[in-house]
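S.K.: Provided herewith is a single structure, encoded as structure tokens, for subsequent inquiry.
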Amino acid sequence: MSDREPDMALRDLPQPKSPSALDERILAAAREQAPARRQSLALTWMGGLASACVLVLGVMLTGVLTTSPYRTVEQDDAREDIVAARPRYDASMGVSDTLTQGAALQRRALPREEVTVAETPVASAESSAGLEADRARATGGKAKAASPRIAAYSMVGTLDKLTENATARHLSAEEQANDLRFCEQFLKEEEHKLAERCYALLRERCPPCKLPDTLEMALEQLEPQKK
Amino acid sequence: MRSLIDRLRSDDALMQAYQRGDADAFESLYRRHKDGLFAFLYRSCGQGPVVEEVAQDTWLAVISSAASYRTQGNFKTWLYRIGRNRLVDYWRRRDNAHRSLSDAEEPEANPSGQPGEDATADIMSAVAALPAEQRDTVLLREQGFSLADIAHITDAGEETVKSRLRYARKQLRTWLEAEPGASHE
């Protein structure tokens, strides 16, 4: 008998088949465990996709911010000016002083076109040390010709910022008078809301001054003193 | 169409598909190997209920470790290694260290229900009389495994596998040359 004969004999061994009941049990177990695995893989896939989306969004936003078409050289210059000329809200400064400084700051920060429109009144406020000079320029012929209404609007944002940063302190009678006349300037421009805001700022700055409720009343009290 | 595609896919491809949750891929894999594994276990053990239990344990082990399965290039070798180890574990649990069929009960008739012939019964008896390692080696070789694969499945060196094959064939030849129905003690 050669070596091949035992191998051939082994091929004659019975070929039992796996029972169908066993097949069903095993396939049922396989199906039972497969969906859980699919779910976990799906969650992993979704998590990866979400991370990738966040990353891409971040990169896109960074790109948009660094290459924004709205940023110009002038704006960059204005930003540098703001940083360099940021006003220090000294307790010794009155409302008119801070407004004047704020107006100057705003004039530097505004785009070139707006600066041109607001040039005359802001310049008058910046150049005058006292309220009388401001009033004279604001009510003067040149000032009216340069649209003081627009000039007043240009100071709205400045007023808001100053209100946030203002420091309360006691103002002297002269300082109060200066600031009241400064606010009166808005009344004369028929900018009543702006005048109210100016007066509210003044009242916040000086609680001990016990200023009346309205700017008009404060001005009426001011007139007799002047007289 | 789906089953045709699965039939053309390799074992590793089907296993990877099952890792992704494709139960149909596992079914194709199972149908490809279930009868071969069952036959190997039956010839090695000879007891239908035991074979069924071991086969079930083997396939459940495949299912539970599917997630950690890495492409090794030979799923079949991995499957039979698990199956053989489960069979050894079964005998150990029963405090019978992988006993040979000469110590066990007589092999059952063909579970497929086909009438057994005398020659087949003689071969079964001769195989059952072999030492366990030699029997497994011969049966694995008959399943088409290479010497390297058999060495991996039985956790032995290739030279040892060669030696076991040689002794097993010699013993089978001796027994098959003897008169039919003679004892293989």
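The values are calculated or read from the model by the stated rules, or taken from the named source; none is laboratory data. Please read all numbers here as calculations on a predicted model, not as lab measurements. Using ideal geometry, Cβ is built from the backbone for each residue, glycine included, and neighbour counts are taken over all protein chains shown. The accessibility values were calculated without ligands, DNA or RNA, using every heavy atom of the protein model including side chains. Shrake-Rupley method; radii C 1.70, N 1.55, O 1.52, S 1.80 Å.
S.K.: Compute the signed sum of charges (Lys and Arg +1, Asp and Glu -1) over the other residues within less than 12 Å, Cβ to Cβ, of B:Ser163. Can you show the working numbers first?
M.R.: Values: positive: B:Lys162, B:Arg164, B:Arg166, B:Arg169, B:Lys170; negative: B:Glu133, B:Glu158, B:Glu159.
My count for the surroundings of B:Ser163 gives +2.
S.K.: Threshold 50 Å², probe 1.4 Å: give the residues of region B:44-68, in number order, that are less accessible with all protein chains present than with their chain alone.
M.R.: Residues losing area: B:Glu52, B:Gln56, B:Ile63.
S.K.: Total Å² of accessible surface buried at the B-A contact, 1.4 Å probe, nearest 100? Mind showing how you got there, number by number?
M.R.: Numbers: alone 10480 and 15780 Å², together 22970 Å².
Buried area between the two chains comes out at roughly 3300 Å².
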